[in-house]
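Working notes, beginning with the structure itself.
The values are calculated or read from the model by the stated rules, or taken from the named source; none is laboratory data. Everything quoted here is computed from the prediction, not taken from an experiment. Methodologically, a virtual Cβ is constructed for each residue, glycine included, from the backbone with ideal geometry; neighbour enumeration extends over all protein chains shown. Quick note on the areas: whole protein, heavy atoms, side chains included, nothing else; ligands and nucleic acids left out. Shrake-Rupley method; radii C 1.70, N 1.55, O 1.52, S 1.80 Å.
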Amino acid sequence: REELKRSWSSLASLATRSQDKMKVSKRNISAKDGSGSIILRPENSEDLWHAYNLLQTGDLVRTTTLRKVVRETSTGSTSSQKKRLSLTIEVSNVEFDPDSLEVRLSGPNRQESEFVRMGAFHTLTLEIGRNFTLEKACWDQIFLDRIEEAANPDREAEIAAVVMSSGLAHVCLVTGHMTIVKAKIDVTIPKKRTGSSNHSKAINRFYEAVYQGVLRHIDFDKVKCVLLASPGFVKDDFFKYLLQESARREDRPFIENKNKFVLCRASSGHKHALEEVFSDPAIMAKLTDTKMATEVHTLNKFMRMIDTNPDQAQYGFLHVNKANEELAIDSLLVTDELFRSSDIVTRKKYVHLVESVRDNGGKVYVFSSLHVSGAQLQQVSGVAAILRFPMPDLAELEENAAMLDAAAAGEQEEEEEEFQEKDRVAEDLADMGL
């Protein structure tokens with residue numbers, strides 16, 4: 001049975017390795033205005049996240065979907081059956097569900113069909129392994145960069161993490177763009193009582209569940225490091241259990257990769273505790289060759305600069321854009337959420353900022369909002385910059401902006417008072433019959 005299990009595991013591993021990047025089947029983009037279409041096929045959950053970031057209101061998406069078709073016979077009776085139809089819809093709403101890892105989009109049908117009338121609203125779900133065609137009025141550089149990154153064969157889960165406390169654990173995969181919870185283990189641990197073995201039995205059940213979760217969800221051929229994080233000695237006790245059990249059961253993945261496990265401290269067994277782990281310089285030093293580590297290192301450097309040298313660390317579009325006009329930006333930090341803005345003008349100004357910083361020789365880091373680091377950057381407006389030299393004059397921008405806002409608010413109040421006075425005069429005249 002064990003031999004058969006290992007065979008199936010190796011076959012699954014081979015299948016996964018052969019499908020580890022977004023498939024780009026065909027490109028048809030105009031060099032004149034950037035309009036056109038691309039045929040894509042997502043191969044894993046991270047590809048769906050890339051697809052979600054590519055979709056915008058007004059785009060046309062063509063794919064196949066199952067629909068219930070009702071037919072009426074000449075006698076008046078009806079029959080229904082499910083058919084796979086090809087639909088083209090204009091995107092009016094798009095959602096990404098981080099729990100089920102699904103992309104759902106809805107909008108009116110824009111292609112005449114035998115079974116679906118023009119303009120009828122439909123909802124489509126993008127599926128792994130199924131082609132879809134995405135047509136845009138303009139493929140800007142941010143979209144094209146996202147396509148290139150999604151199609152990169154070297155892109156895969158670089159880090160795995162197990163954050164745990166007594167009775168609670170989350171097994172996570174940390175990719176270049178997402179922190180995916182693959183398993184949640186929750187076991188009630190009773191208190192220690194004299195003469196009772198319930199506590200130790202529950203601990204063993206908990207460790208066994210985490211052991212199986214790690215074995216099932218972590219591919220050690222791809223993962224460079226497995227972080228074991230917990231408060232106290234929970235991680236140490238579990239790692240000791242893992243080594244003993246893997247030697248007894250001859251589980252080769254654990255025996256051959258025990259050096260990939262890194263024990264570190266976290267305050268809880270919840271996913272958000274990873275933020276503490278990634279802010280530890282000693283841990284990040286062991287992850288220097290991963291994309292995520294580079295981004296976290298840059299973000300930590302920015303956060304330290306706010307305290308030590310605030311004139312060289314700026315955030316907010318107004319300040320960052322002014323620094324870019326002075327060719328002062330060394331590193332630009334921006335979250336992908338800003339590029340998903342439904343306001344075309346807002347999106348264009350951030351695209352222009354990114355392109356301008358690159359043209360001026362600066363480095364650009366686009367943070368995923370599904371990463372703890374991206375969520376942290378979002379708390380400081382979602383856009384920030386580390387400058388080549390201090391710019392203390394930028395502090396005046398905020399003061400001037402505040403003064404302009406206050407002046408505008410004052411003018412608005414005066415106009416409202418003037419309108420109210422005119423209304424009162426008009427009412428008085430009407431009362432007098434004039």
Among Thr194, Thr175, which is at negative phi, in contact with a helix residue (DSSP H, G or I) (Cβ under 7 Å, 6 or more places away or on another chain) and among the β-branched types (Val, Ile, Thr)? Thr175
Select from segment 182-225 the residues that are open to solvent by 40 Å² or more (accessible area, probe 1.4 Å), assigned to a helix (DSSP H, G or I) and either hydrophobic (A, V, I, L, M, F, W, C) or closer than 30 Å to Glu46 by Cα (or both) and list them in ascending order. Glu208, Gln212, Leu215, Arg216, His217
When segment 44-73 is checked residue by residue, the ones that are hydrophobic (A, V, I, L, M, F, W, C), in contact with an Asp or Glu (Cβ under 8 Å, 6 or more places away or on another chain) and more than 13 Å from Leu101 (Cα to Cα) are Leu60, Val61
Residue list for segment 329-338, restricted to those being over 8 Å from Ile386 (Cα atoms) and open to solvent by 10 Å² or more (accessible area, probe 1.4 Å): Glu337, Leu338
In segment 325-434, which helices (runs of 4 or more DSSP H) lie fully inside it and hold 1 or more residues that are in contact with a strand residue (DSSP E or B) (Cβ under 8 Å, 6 or more places away or on another chain) and at pLDDT below 85? 372-378, 394-431
Within the set of pairs 6+ apart or on separate chains, which have a first residue in segment 104-129 that is under 25 Å from Lys23 (Cα atoms), a second that is of a type in the set (Gly, Ala, Ser) and open to solvent by less than 40 Å² (accessible area, probe 1.4 Å), and C-beta atoms under 8 Å apart? Thr123/Ser106; Leu124/Ser106; Leu126/Ala51; Ile128/Ser45
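Given the residues Ala137, Ala150, Ala161, which is the only one that is touching a His at 6+ places or on another chain (Cβ under 7 Å) and among the hydrophobic types (A, V, I, L, M, F, W, C)? It would help to see each step written out before you state the result.
Numbers: Ala137 fails: touching a His at 6+ places or on another chain (Cβ under 7 Å); Ala161 fails: touching a His at 6+ places or on another chain (Cβ under 7 Å).
Result: Ala150 is the single residue among Ala137, Ala150, Ala161 that is touching a His at 6+ places or on another chain (Cβ under 7 Å) and among the hydrophobic types (A, V, I, L, M, F, W, C).
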Of all residues in segment 348-394, count the ones that are within 13 Å of Val320 (Cα to Cα), open to solvent by 10 Å² or more (accessible area, probe 1.4 Å) and either under 21 Å from the mean Cα position of the chain (by Cα) or hydroxyl-bearing (Ser, Thr, Tyr) (or both). 5
What pairs can you find where one residue is in segment 252-265 and within 16 Å of Asp280 (Cα to Cα), the other is part of a helix (DSSP H, G or I) and at pLDDT 90 or above, and their Cβ atoms are less than 6 Å apart, with a gap of 6+ or different chains? Leu263/Lys235
Residue list for segment 53-62, filter: under 15 Å from Arg130 (Cα atoms) and open to solvent by 10 Å² or more (accessible area, probe 1.4 Å): Arg62
Output for Cβ contacts, cut-off 8 Å, separation at least six or different chains, first residue under 21 Å from Val277 (Cα atoms) and free of Cβ contacts under 8 Å to residues at least 60 places away in the same chain in segment 206-229, second open to solvent by 10 Å² or more (accessible area, probe 1.4 Å) and hydrophobic (A, V, I, L, M, F, W, C), reads Val210/Ile185; Gly213/Ala183; Gly213/Ile185; His217/Leu173; His217/Ala183; Ile218/Leu173
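Please note which helices (runs of 4 or more DSSP H) are completely contained in segment 226-291 and include at least 1 residues that are surrounded by fewer than 16 Cβ atoms within 10 Å (Cβ to Cβ) and hydrophobic (A, V, I, L, M, F, W, C).
The qualifying helices (runs of 4 or more DSSP H) are 234-249, 252-256, 281-285.
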